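**Student:** Have a look at this one.
Nothing in this text is a laboratory measurement; each read-out follows from the coordinates by a stated rule. The model shown is predicted, which means the values in this text are computed figures rather than measured ones. FYI the Cβ positions are ideal-geometry reconstructions off the backbone, even for glycines, and counts take in every protein chain you see.
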Amino acid sequence: MFRNPRRVFEITAVVLLTLTGSLPVWAGSSNSLLDISSDGKLLACSNRDSGTVTIVDPQTFAKLREIPVGHKPEGVTFLGQTHQLAVAIYADDQVVFVDADKGDVLGRCDVFDEPYGVVSTRDGSRVWVTLEYPGQLVEIDASLRKIVRTLNAGSFPRGLALSADERTAVVTEYYTATVRFLELSSGKEFAAVPASATDNLARQVVVHPTRPKVYVPHQRSKTSAAHGEGSIFPYVSVVDWPTATNQTAENLKRKRIPMDSFIGNLVTASPWEIAIHPDGDQSVVVFGATDDLFVMNVLDDNYRELTPIQHMNIGHNPRAVKYSHDGKWFWLYNALDFEVVAYDAKTLSRVGLVRVTENPLSDEILRGKRLFYSALMPMASRRWIACSSCHPDSDPDGRTWQNPEGLRNTPPLVGLAWTHPQHWSADRDETQDFEHTIRGLLMQGRGLIAGPVAESLGPPNKGRSRDLDALAAYTNSHSVPLSPHAKNGLSDAAKRGREIFLSKETACATCHSGPYYTDSNPATKPTLHDIGTGRSDPSEKMPRKYDTPTLLGVYRSAPYLHDGSAKTLRDLLTTNNAGDKHAKTSHLTRNQIDDLVEFLNALPYEDPQPAAIAAGLKKVDR
C-alpha cells in the first residue's frame, strides 16, 4: 500500500538523477553478520555464541583480534571511511561502538529491545538499527552514541538496507517477509510490499547496485501441511522498488523464486543471507539448514530474475555472505564451524579460511545445536525442514500449524528445561521423545536411536543415544530474557496488574503459578486444563484439555492459545475468554484489563531460576 503516490514520485525522481553512465545507482549498505571496511583492509565478523566480534585481515587471512562486545551480537557495520564499528547486541539491548584497529570498546548506546540489523551512512555520522521488538527503526548519532530519532518500522523488523542516496531505508518484517520503504527525511513509510500469508523468517534485504530491485531471502511456512515435503520451502523474493510508474500495489511486482527447485530437484532449507556482486550480475545465497549455497546469475529481465551457476557444499550453519568491494572474492561465515571462508568469485574455488573464534559451547551443546539446525540425515530425509525451521534461536515462528492432532501454535523454547512436559497436549515428558518427530511424517529422518524408540510418556529414551541427548541438551539450554517493559522495575500500572493477577477472584495464578508462571514441572505429572478453546477447532483429535504455557516472555510471543486464536493479550483476556473459563476476567474494567496486560508484558521482571531452585523445582538439563 502507498501512503502518498506524489511523494513516491518525488523521492524516486531524486534517486533516478543519481547516475553512473545511464543507469541509476541503487546500491546501499545492507545488514549482515559480516562487513568489510571501505578501504578493504579489514573484515569484521559477529560471533553470536561467543559474544564477540572478530577482526580479520582479508588479504592475509589472518585473525587480528577478537573483541568481547556482549550477549548475542548480530548485525555489524563499519562507520563510513573509518575502522570503527557499530554492532547490534541483540540480548543486551545495546549498540556497541568498537575501534577495530585497537580492539577497544568506544561506547554503548542503549535501545529498547532486540537490535538486529545495523547499517552506517556513507560518512559514518549516523547508524540506523532495526529493533525487532517493539518494531522500530532508530537513528543513532555515531559520535554522541545517542538515539536521535525513532521511526515505526512494522512488526518484528530485522532486514535493513539503505538506498545509495541514503534517502530511503528498506526494512523487512521477520515473521511476515513484508518489505517496507521508509523516507528518512520525514520518517514516513511511503510503500509496503506485502508477501504471501505463508511467507516467514526474513532476516535480511539487499538492494541491487544498478537496478530498482531488492532481494529478500526467506522461508515459506505452509501451515496447512504437516509433513516435511509440504510444509517448509526456501525462497528468494525479488521486489520492485517503488517508482513513479509502479505506484500501485498491482504494478509493484514481487517475484518469489523457489530455491528448492532452483537447481534440478535439489532441496535446500533456511535461506539466511544473500549478497549481490558489485557489478550486479552475480549473487550468492546461503542456506543455514542444508549447509550449502547457490551462486546465481542476476538477470535484468523482470521475469526469471535469477538463474543458477553452481551449487556448493560448505560448512555447518552458514549465516552470512559478503562480496569484497572489488568483487574478486566473496566471504562466507559458517557459524557452527566458527570459521570465515573466502572464495574466488570467478573460479568459485576456496582461497582462504580463518577461524574467527574458539568453540564457546560444550562439545555436547555444539553437537546438539548442529543437529537442531540440520535438515540433513539423520534428522531429515527430504531436506526441507529442521528443528530450527520453526524454532530458530529458541524463538517461535509466529505460526499456528494444522497438525494431525489439531491446530497447534508454535511456542518459544525459553525456559523449557523448567517447564516439562512439552507440547500443548503434554504428550512428551522428555525432549528425547522428539525422536518420534524426527522419524515421523514431518521430518522423515532416520533418527538418532539405534533400534525402536520408546513411546512418548513411556520408558525413557534418554540415555539411548549420545546424539539425541545432545539435541535435548541444546534444546533445553535456553534461558528466559528479562522483559524490556520492566528495565526500571514494575510500573505502577504493572503493580496494580500483578495484584489483579494474584487475586483469588481472577484465579490467574492458580494455573500460571510459581517462578515460571505455569503448573507444568518436570517433577510432577501433567496437569491439563479445559479453558473452552478446544471446542472451536473441529480438527481437534485430542481431549480438549491443554498444558499451561509459561507466561515469561509473553510480551513478544503472539499469537496466543493452542490454536493461535488470540492475536493480542487483550484478546486473550476478553474476546477469547468466553464464560470466564480462562481465569475470571469478565468483571474487570477496561482500565483493569490495561493494568493486567501491563503486568503480563513485564514478565519476567526478574530472573526466575533462583526462585525455582529455592522452591525445590527440578530442572531438566538433557
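**Student:** Counting other C-beta atoms within 10 Å, and keeping those with at most 13, which DSSP coil trypsin sites (Lys or Arg not before Pro) do you find in region 262-347?
**Tutor:** ARG304, LYS346
**Student:** What distance in nm separates the simple spin-label points at ALA614 and SER362, each placed 7 Å from Cα in the Cβ direction?
**Tutor:** Placing both labels 7 Å along Cα→Cβ, they lie 2.6 nm apart.
**Student:** Could you put SER389, SER456, SER503 in order, starting from the residue whose Cβ has the fewest other Cβ atoms within 10 Å?
**Tutor:** Lowest to highest Cβ neighbour count: SER503, SER456, SER389.
**Student:** If we count every other residue with Cβ under 12 angstrom of PRO538's Cβ, Lys/Arg +1 and Asp/Glu -1, where does the sum land?
**Tutor:** Surrounding charge for PRO538 is 0.
**Student:** Let me ask something additional. Note down the net charge around LEU588, summing +1 for each Lys or Arg and -1 for each Asp or Glu among other residues with Cβ under 10 Å from its Cβ.
**Tutor:** So the surrounding residues net to -1.
**Student:** Rounded, prolate or oblate: which fits region 484-614, taking a ≥ b ≥ c as square roots of the Cα gyration tensor eigenvalues, rounded meaning a/c under 1.5, else prolate when a/b beats b/c?
**Tutor:** oblate
**Student:** Another question, if that's okay. If a/c stays under 1.5 just call it rounded; otherwise compare a/b with b/c (prolate if a/b is bigger, oblate if not). Do that for region 264-422, with a ≥ b ≥ c from the square roots of the Cα gyration tensor eigenvalues.
**Tutor:** oblate
**Student:** Once you keep just the Cα pairs under 8 angstrom separated by 6 or more residues, what percentage relative contact order results for the chain?
**Tutor:** After rounding, I find 9 percent.
**Student:** Using the basic label-point model (7 angstrom from Cα toward the beta carbon), what is the ARG108 to ASN591 distance in nanometres?
**Tutor:** 3.8
**Student:** List the residues whose amide H sits under 5 Å from the amide H of VAL111, counting only those 5 or more places along or on another chain, with H placed 1.01 Å from N in the peptide plane.
**Tutor:** GLN94, VAL95
**Student:** Further question on the same structure: Explain nothing, just the number: dipole magnitude of region 73-183 about its Cα centre with +1 on each Lys and Arg Cβ and -1 on each Asp and Glu Cβ, in debye rounded to the nearest 20.
**Tutor:** For this selection, approximately 200 debye.
**Student:** What is the magnitude of the charge dipole of region 484-614 about its Cα centre, with +1 placed on the Cβ of each Lys and Arg, -1 on the Cβ of each Asp and Glu, and no other charges, expressed in debye to the nearest 20?
**Tutor:** 160
**Student:** Report the extension gain between GLN59 and GLN81 in nm, rounded to one decimal, defined as 0.36 nm multiplied by the number of residues separating them, less their alpha carbon distance.
**Tutor:** Result for the pair: 6.1 nm of gain on full extension.
**Student:** In region 75-145, if the dipole is taken from +1 on Lys/Arg beta carbons and -1 on Asp/Glu beta carbons about the Cα centre, which of LEU144, GLY80, VAL96 is farthest to the positive end?
**Tutor:** GLY80
**Student:** Taking the Cα centre as origin and putting +1 on Lys and Arg beta-carbons and -1 on Asp and Glu beta-carbons, what dipole magnitude results for the chain, to the nearest 20 debye?
**Tutor:** 700
**Student:** Test of understanding: extend the Cα→C-beta vector of SER143 to 7 Å, then name every residue of region 79-106 with backbone N under 20 Å from that spot.
**Tutor:** So the set is 79-87, 96-100, 106.
**Student:** Relative contact order for region 359-451: what is it in percent, counting Cα pairs under 8 Å that are at least 6 residues apart?
**Tutor:** Relative contact order of region 359-451: 26 percent.
**Student:** Within the chain, what's the longest run with no GluC sites (Glu not before Pro) in a DSSP loop and at most 13 other beta-carbon atoms within 10 Å? Give the range, please.
**Tutor:** 1-249
**Student:** Among the complete DSSP H segments of the chain, which ones combine at least 15 Å of alpha-carbon extent along their axis with a mean Kyte-Doolittle hydropathy of 0.5 or more?
**Tutor:** 5-16
**Student:** Hey, what did region 484-614 get for relative contact order, percent, Cα under 8 Å, at least 6 apart?
**Tutor:** 37
**Student:** So if we plug the beta-carbon distance of SER536 and TYR303 into 1/(1 + (r/R0)^6) with R0 = 51 Å, what FRET efficiency do we get, rounded to 0.05?
**Tutor:** Efficiency for this residue pair is about 0.70.
**Student:** Would region 455-554 count as rounded, prolate or oblate if I go by the C-alpha gyration tensor, calling it rounded below 1.5 in a/c and otherwise prolate when a/b exceeds b/c, oblate otherwise?
**Tutor:** oblate
**Student:** First measure r as the distance between the Cβ atoms of LYS255 and SER349, then evaluate 1/(1 + (r/R0)^6) with R0 = 25 Å and state the FRET efficiency to the nearest 0.05.
**Tutor:** Rounded to the nearest 0.05, the efficiency is 0.20.
**Student:** Hey, could you pull the Cα Rg and Dmax for the chain, both in Å?
**Tutor:** Using the Cα atoms of the chain, the pair Rg, Dmax is 24.2, 74 Å.
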